[in-house]
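Undergrad: Let me give you the structure first, and then I'll get to my questions.
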Amino acid sequence: MDFDFPLRKIIHVDMDAFYASVEQHDNPDLRGKPVAVGGGSKRGVVSAASYEARKFGIRSAMSGYIAKRNCPDLIFVKPRFERYKEISQQVRSVFFEYTDLVEPLSLDEAYLDVTQNKKGNPSATLIASEIRNKILEKTGLTASAGISINKFIAKVASDYNKPNGQKTVNPEEVIQFLEDLDIRKFYGVGKVTAEKMYKLGIFTGMDLKQRSLEFLDKNFGKSGKYYYHVVRGIHNSEVKPHRIPKSVGAERTFSENLSSEIFMLERLENIAAELERRLQKSKIAGKTVTLKIKYSDFTLQTRSKTLPYYVANKALILETAKELLYQSTLENSVRLLGISLANLNTEKKKKKELPVKESLSVQLKFDF
């Protein structure tokens, strides 16, 4: 298959069950046992689960109470974020041995552009293998990797041979790979979107590819264009070493559900103070304030307001959050509140999008 845009060699490295694996590595007694990082109380939430725990359906963001019910032998461990950051820095130091084009997504995953690399190695597949081996030697932890021509495909591929594996989607394999791909595995397609696609008869990449841009725009809004392009192997997002955050936020889960706005105002004040601290630390401000409300039945609601000016101080943020809280009647008692700020003053004007051509052509003349 030929492509009509520059081909890059992108690696997506994803640590395997990172938080839980760190705990098992540091405490041999936990190895081979179902482990969850987080809280096991009725109000607790699972932050991460070991592969032994995942066999019981335990996953991140699950209620600790439900997780314990599903797996009575589940061992809960309190998170140690300083330790996770320490290991993450060791992992990133390995990345920088090969390229400076490293885009961290979180403590446990990153994109690397190795089209031009410090080792002069033409094979992204071999580089990924070397990186995974060095991570294991340095930290005692395993990582998985996906290798392909863009970030989207590399991200999807990194999930294929987990744990402790890798998958390369060569340029000539891209189109077939995407056409055969289960729609649920498309990065950016969540549970709700997948169900909507099923109702529209879209189950695989091939089904998605057969839908017109107009159809996808009509049914999926702004995301329609994204789906239309990625299923054709088109994803021009570069690896950005210095990612600019699109939003900054803070939230709190309460030990008891709150049913009165009066009690919520006190909590919102604390959340606004934490958000102000984070904004000041990052030296940024924003215009769009969003209030996040998670009810006791775990349904989620967000309310937003865009101001005509940038804000970064607690008083203005709290004033807007209060307004959003009283915007409409609460549907139930509340277990979590959050405030975030978007439309930040760090955002640059979007570059004009390059025209995308349907017929793809560039000779595949380099190793992958």
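The values are calculated or read from the model by the stated rules, or taken from the named source; none is laboratory data. Computed from a predicted structure; not experimentally measured. Every residue, glycine as well, gets a Cβ built from its backbone with ideal geometry; the counts of neighbours run over all protein chains shown. What goes into the accessible areas is simple: the full protein's heavy atoms, side chains included, and nothing from ligands, DNA or RNA. Shrake-Rupley method; radii C 1.70, N 1.55, O 1.52, S 1.80 Å.
Undergrad: I'd like to check something: does segment 87-95 contain any residue that is small (G, A, S), surrounded by fewer than 20 Cβ atoms within 10 Å (Cβ to Cβ) and either assigned to a loop (DSSP other than H, G, I, E, B) or not assigned by the TED database to the domain that holds R335 (or both)?
TA: Yes - at least one qualifying residue is present in segment 87-95.
Undergrad: Check whether at least one residue in segment 132-147 is closer than 24 Å to R243 by Cβ and in a loop (DSSP other than H, G, I, E, B), and report yes or no.
TA: Yes, segment 132-147 contains at least one residue that is closer than 24 Å to R243 by Cβ and in a loop (DSSP other than H, G, I, E, B).
Undergrad: Out of V102, V77, which single residue is without any contact (Cβ under 8 Å) to a residue 60 or more places away in the chain and either over 24 Å from A20 (Cβ atoms) or buried (at least 17 other Cβ atoms within 10 Å of the Cβ) (or both)?
TA: Testing whether each residue is without any contact (Cβ under 8 Å) to a residue 60 or more places away in the chain and either over 24 Å from A20 (Cβ atoms) or buried (at least 17 other Cβ atoms within 10 Å of the Cβ) (or both) leaves just V77.
Undergrad: Just give me the residues in segment 113-130 being over 15 Å from A157 (Cβ atoms) and outside any loop (DSSP other than H, G, I, E, B), in sequence order.
TA: Within segment 113-130, D113, L126, E130 meet the criteria.
Undergrad: Right, another one. Return the pair list, or none, for Cβ contacts closer than 9 Å from residues in segment 204-229 that are in the same structural domain as I183 (by the TED database) and β-branched (V, I, T) to residues that are part of a helix (DSSP H, G or I) and open to solvent by less than 50 Å² (accessible area, probe 1.4 Å), at least 6 apart or on different chains.
TA: What qualifies is T204/E179; T204/I183.
Undergrad: Tell me the helices (runs of 4 or more DSSP H) entirely within segment 170-288 that contain at least 3 residues that are farther than 30 Å from L324 by Cβ.
TA: Ranges flagged: 174-180, 191-199, 205-209, 213-220, 223-230.
Undergrad: Being modelled with pLDDT under 90, of a type in the set (D, E, K, R) and assigned by the TED database to the domain that holds I262 is true for just one of E331, E319, E353. Which residue is that?
TA: E331
Undergrad: Step by step: first the residues of segment 270-301, then only those that are β-branched (V, I, T) and open to solvent by less than 30 Å² (accessible area, probe 1.4 Å), then the one that is modelled with the lowest pLDDT. Which residue is that?
TA: That would be I284.
Undergrad: Please verify whether segment 29-47 includes one or more residues that are open to solvent by less than 10 Å² (accessible area, probe 1.4 Å), within 23 Å of E137 (Cβ to Cβ) and touching a residue at least 24 places away in the same chain (Cβ under 8 Å).
TA: no
Undergrad: When you go through N133, N161, N117, N170 one by one, which is the residue that is touching a helix residue (DSSP H, G or I) at 6+ places or on another chain (Cβ under 8 Å), of a type in the set (S, T, N, Q) and surrounded by fewer than 22 Cβ atoms within 10 Å (Cβ to Cβ)?
TA: Just a single option satisfies the conditions, and that option is N117.
Undergrad: What is the number of the single condition among (1) open to solvent by 10 Å² or more (accessible area, probe 1.4 Å); (2) among the hydrophobic types (A, V, I, L, M, F, W, C); (3) under 30 Å from K151 (Cβ atoms) that I11 does not meet?
TA: (1)
Undergrad: Counting only residues that are within 24 Å of the chain's Cα centre (by Cα) and within 17 Å of K33 (Cβ to Cβ), which one in segment 60-72 is surrounded by the fewest Cβ atoms within 10 Å (Cβ to Cβ)?
TA: Among those residues, the one meeting the criterion is G64.
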